[in-house]
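In what follows, a structure is listed as structure tokens, so that the remarks can point back to it.
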Amino acid sequence: MNAQIAELKEDGAIATKNLSDGYHTIGQLYHDRAILFAVICNTYKENAFKSKLHDDGTMYDDMFIVGLYTPEGTYTYHYHMEYWDMYDVEELKHAPAYDGHTFKDIGRLFGLVGSK
């Protein structure tokens, strides 16, 4: 199914941000996640950073990376530049080197509050 969605997106037949589970669209969930992560980053400013470049100097078009240092390593997301000002955190010339974290490592964020 993902391959079919990718093909339809590439052909311009659908906009994936409008796909829905019947309750929320992908675009709405992405926006909500950006706001929730901004609240966390702005609350834990001493652990947060944002950058317009990866550690190797690359970046996806019209995007930036924002993240947090946790006791278990960094946790990051990429967002479109329209969200840049929402993150009132330290701006780095280059983001820290990617440590291999995935969505499965979201529990790292509990380290900010001293629990797991």
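Of note:
- Pairs of lysines in the chain whose Cα atoms sit within less than 25 Å of one another amount to 13, provided the residues are eight or more positions apart or on different chains.
- Relative contact order (%) - criterion: Cα under 8 Å, at least six apart; region: the chain: 22
- For the pair Y60 and R33 in one chain, pulling the backbone fully straight at 0.36 nm per residue adds 7.8 nm over the alpha carbon distance.
- Mean residue ellipticity (222 nm) of the chain, computed from DSSP H runs ≥ 4 via -39,500 (n - 2.57), nearest 500: -7500 deg cm²/dmol
- Distance histogram for the chain (every C-alpha pair counted, 10 angstrom bins, percent rounded to whole numbers): 13, 38, 33, 15, 1
- Paramagnetic reach from W84 in the stretch 25-67 [backbone N under 12 Å; point 7 Å along Cα→Cβ]: 51-53, 62-65
- The angle separating the long axis of helix 26-43 from the principal Cα axis of greatest extent in the chain is about 10 degrees.
- This ranking places D55, D99 by how few other beta-carbon atoms lie within 10 Å of each, fewest first, which gives D99, D55.
Quick note: the coordinates plus some simple rules give every number you see, no bench work behind them. This one's a predicted model, so the numbers in the text were calculated from it and none came from an experiment. Cβ coordinates were reconstructed from backbone atoms using ideal geometry, including for glycine residues, and neighbour counts include every protein chain displayed.
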